[in-house]
Amino acid sequence: MLAILHALGMLVADLFKSRRRLEAENLLLRHQLTIALRRAPPRLRLLGSDRALLTWMTRLWPSLLDAVQVVQPETILRWHRAGFKMFWRWKSRHRAGRPRIDRGLRDLIRRMSRENPLWGASRIHGELLMLGFGVAQSTVSKYMARSGTPRSQNWKTFLRNHAQAIAAIDLCLVPTLSFDLLFAFLVLGHGRRQLLWFEVTGHPTAEWLARQITEAFPWSSAPVYLVRDNDRAYGHVFTSRVRAMGIRDRPISLASPWQNGCAERLIGTLRRECLDQVVIFSEMHHLRRVLSAYASYYNQARTHLALQKDAPLHRAVQRSGTILAIPVLAGLHHQYGRI
């Protein structure tokens, strides 16, 4: 600020000087500036007032840009553009309008819209009025969560609402030491993510699969829905057996493995934690023993995110005693407990 006042004072004083004296002073000042710039650092550090003064003078007299030696003319123009943006940003700042609502109320609106995807702004607005919040319906519509999902219930909603009554099946392909291929038939309960049944074969026919369903769900333990893919192995014999047991067959859409995501996740976990780490000999008995050991560990000890870090077969919390590690699959995994 002092530099600007000093420059204005010099400008007023120069009005009373003769033209010849002004030209001599300009010549002397230019020479002194040349001497100073010889020893100046490559980049000078200018104050904000210096930048404002240079920008203001070149704004009034654009021809002075050619006489600038401290900085590049493009730099002064950039300063002017930045100052123009700051001025209009300050002038157009938010001054009036509808006041912002409390952050807690905004979070409550988003929470209600996420927990009730079928509710619209009017329904949420009514609930807020019953809770004592005086807010406009347009404000509720503004702060609702935009999920992008369809308003009607989809396949995931069906799986979540009927988890206790759904079982999923799938076939896992297992290569052996002699490059043969074995098939592991897996049955998973959606409710507790429990591995209900498994069996091994080299040739999965519709008759064999139908027999496995009968053995997996004896008497009245059959689920209401059975989710499976569209493998050709599930022939007419299999579908007839499922209907005879009172199970509603629900094959997934073509090229949509995500619709049977729980079974696909089970197969991926089985491969990563077991089958990819051991070599299966050319016999079904070996694969059956490996799957039996892993199934016991999977159902009784392994924690699951979908179950709030609990095991499919509820695992009691042990708070006292010495911790003991029980090896599973020859030390590939361990089951921990207290004694």
**Q.** Scope the stretch 234-254; condition surrounded by fewer than 17 Cβ atoms within 10 Å (Cβ to Cβ) and within 37 Å of the chain's Cα centre (by Cα); matching residues
**A.** R248, D249, P251, S253, L254
Q. Within the stretch 222-232, can you find the residues that are in a loop (DSSP other than H, G, I, E, B) and farther than 14 Å from R211 by Cα?
A. P223, V224, D229, N230, D231, R232
Q.
Condition (residue is at pLDDT 90 or above, part of a strand (DSSP E or B) and touching a strand residue (DSSP E or B) at 6+ places or on another chain (Cβ under 8 Å)) applied to the stretch 233-241: is it met by at least one residue?
A. no
(Q) Within the stretch 113-220, considering only helices (runs of 4 or more DSSP H) that don't extend past its boundaries, which have at least 1 residues that are closer than 19 Å to I267 by Cβ? (A) 155-161, 206-216
Q: May I ask you to say which residue of R146, R160, R193 is closer than 30 Å to R103 by Cα and within 25 Å of the chain's Cα centre (by Cα)?
A: R146
**Q.** Residue count, the stretch 204-215 (criterion: touching a strand residue (DSSP E or B) at 6+ places or on another chain (Cβ under 8 Å) and surrounded by fewer than 19 Cβ atoms within 10 Å (Cβ to Cβ))
**A.** 2
Q | In the stretch 295-339, residue farthest from G268 (Cα to Cα) [restricted to those that are touching a residue at least 60 places away in the same chain (Cβ under 8 Å) and in a helix (DSSP H, G or I)] | A | L307
Q.
List the residue pairs whose Cβ atoms are under 6 Å apart, where the first residue sits in the stretch 173-198 and is assigned by TED's automatic domain parsing to the domain that holds S282 and over 28 Å from L305 (Cα atoms), the second is assigned to a loop (DSSP other than H, G, I, E, B) and of a type in the set (G, A, S), and the two are 6 or more positions apart or on different chains.
A. T176/S282; L177/S282; S178/S282; D180/S282; L182/G202
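The values are calculated or read from the model by the stated rules, or taken from the named source; none is laboratory data. On a predicted model such as this, the values are computed, not experimentally measured, just so you know. Heads up, the Cβs are rebuilt from the backbone with ideal geometry, glycines too, and the neighbour counts pull from every protein chain shown.
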